[in-house]
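J.: Have a look at this one before I ask anything.
Bear in mind that the values in this text are calculations on the coordinates, not laboratory data. Everything numeric here is computed off the predicted structure, so don't read it as measured data. As a convention, Cβ positions derive from the backbone with ideal geometry for all residues, glycine included, and neighbour counts pool all protein chains shown.
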Amino acid sequence: DTAVSQTPKYLVTQMGNDKSIKCEQNLGHDTMYWYKQDSKKFLKIMFSYNNKELIINETVPNRFSPKSPDKAHLNLHINSLELGDSAVYFCASSQGTGGIYEQYFGPGTRLTVT
Amino acid sequence: AQSVTQLGSHVSVSEGALVLLRCNYSSSVPPYLFWYVQYPNQGLQLLLKYTSAATLVKGINGFEAEFKKSETSFHLTKPSAHMSDAAEYFCAVSVTNQAGTALIFGKGTTLSVSS
């Protein structure tokens, strides 16, 4: 069983469209995250949720809206997509919010905006 | 602010040679440090982590890292490289504040292994 799964794996869309990426973890973890990896492979935190509550919201455009329907799921909705949104988006989860807990990553969703 | 710096964006070794990937951290408090590996078109996999229990940390696939406070370093090593080790390697520090915890990553090091 995949610990952290994401759908879709690839997403190609046009500027201005709205799209969603789904993430599910079956590890029983309380905390989930979204990271963005740019074309230079630099990884940066976007959001963090703990027990369905948003606890980290980095400087991300308002067009990005995370939603956590339950502890096992964290979805990312993106409105009015722009060329600069092209990247690989990774979902991750951890047992808790403390720094000692390692984060488990999903396989990533490669978003291409044309 | 806590951060990590990976020295060398690209490291090339021969199969069977020593692998050394460098990571230096900046932190005003005892850090939690991690090494992750990313194979092409895949997610990140945890290799090992330092949480102050022991300065020499052993991980998966024969990798290990040594925490050296005096040098603010957490370099990753493997005695003998395999072709399958070719991948992107990321050093990360865990940062916790009132808002929560996030991993701050270095820029990554691409490891190439030649036969």
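J.: Step through the residues of region B:72-88 one at a time and calculate ³J(HN,Hα) from phi using the Karplus curve (6.51 cos²θ - 1.76 cosθ + 1.60, θ = phi - 60°), rounding each to whole Hz and writing x for Gly and Pro.
T.: For region B:72-88, the Karplus curve yields 6, 10, 8, 6, 9, 9, 8, x, 9, 6, 10, 4, 6, 7, 4, 5, 9 Hz.
J.: Determine ³J(HN,Hα), in whole Hz, for all residues of region B:98-115 in sequence, where each value follows from phi through the Karplus function 6.51 cos²θ - 1.76 cosθ + 1.60 and θ = phi - 60°; x replaces Gly and Pro.
T.: Here the 3J(HN,Hα) series is 4, 7, x, 10, 9, 8, 9, 9, x, 7, x, 10, 8, 9, 10, 10, 10, 8 Hz.
J.: Once amide H atoms are built 1.01 Å from N in the peptide plane, which residues 5 or more positions from B:Val19, or in another chain, come under 5 Å H to H?
T.: When sequence neighbours closer than 5 places are left aside, the close amide H contacts are B:Lys78, B:Ser80, B:Ala81.
J.: Computed FRET efficiency, Cβ-Cβ of B:Asn61 and A:Phe42, R0 25 Å: what is it to the nearest 0.05? Intermediate values should be presented prior to the final figure.
T.: Working: r = 24 Å, r/R0 = 0.96.
Efficiency, rounded to the nearest 0.05: 0.55.
J.: Can you compute 3J(HN,Hα) from phi for each residue in region B:15-30, using the Karplus curve 6.51 cos²θ - 1.76 cosθ + 1.60 with θ = phi - 60°, rounded to whole Hz and x for Gly and Pro?
T.: Working through the residues one at a time gives 4, x, 7, 5, 9, 9, 10, 9, 9, 10, 10, 10, 7, 8, 10, x Hz.
J.: Multiplying the sequence separation of B:Leu7 and B:Ser70 by 0.36 nm and subtracting their Cα-Cα distance, what value in nm do you get?
T.: Details: separation 63, 0.36 × 63 = 22.68 nm, distance 1.75 nm.
Stretched out fully, the B:Leu7 to B:Ser70 stretch lengthens by 20.9 nm.
J.: Next up: Just to be sure I understand the model, the point goes 7 Å from the Cα along the line to the Cβ. What's the resulting B:Ser112 to A:His77 distance in nm?
T.: 4.5 nm
J.: Estimate the FRET efficiency between A:Ala3 and B:Ala17 by the formula 1/(1 + (r/R0)^6), using the beta-carbon distance for r and 41 Å for R0, to the nearest 0.05. The partial results should precede the final answer.
T.: Details: r = 33 Å, r/R0 = 0.80.
So the FRET efficiency works out to roughly 0.80.
J.: Cα atoms only, chain B: Rg and Dmax in Å?
T.: In Å, with Rg to one decimal and Dmax whole: 13.8, 49.
J.: Let me ask something additional. If you add up the charges near B:Ala65, with Lys and Arg at +1 and Asp and Glu at -1, over every other residue whose beta carbon is less than 11 angstrom from its beta carbon, what do you get? Present the calculation step by step, with values, prior to reporting the outcome.
T.: Values: positive: B:Arg22, B:Lys49, B:Lys58, B:Lys68, B:Lys78; negative: B:Glu64, B:Glu66.
My count for the surroundings of B:Ala65 gives +3.
J.: Another question, then. If you average the sequence gap of Cα pairs under 8 Å that are 6 or more apart and divide by the length of chain A, what percent do you get for the contact order? Spell out each step's value before the answer.
T.: Working: 287 pairs, mean separation 41.6, N = 114.
It rounds to 36 percent for chain A.
J.: Which value in Å does the Kirkwood hydrodynamic radius of the protein assembly as shown take, with 1/r averaged over all unlike C-alpha pairs and then inverted?
T.: On the way: mean 1/r = 0.0552 Å⁻¹.
Over the protein assembly as shown, the inverse of the mean reciprocal pair distance is 18.1 Å.
J.: On to the next question. How about region B:41-108: which GluC sites (Glu not before Pro) there lie in a loop by DSSP and see at most 12 other Cβ atoms within 10 Å?
T.: On the way: sites: B:Glu64, B:Glu66, B:Glu71, B:Glu88; in loops: B:Glu71.
Passing both the DSSP loop test and the Cβ count: B:Glu71.
J.: Using the Kirkwood radius over C-alpha pairs as Rh, can you work out the diffusion coefficient of chain A via Stokes-Einstein at 4 °C, viscosity 1.567 mPa s, in µm² per second?
T.: Numbers: Rh = 14.0 Å.
The calculation lands on 93 µm²/s.
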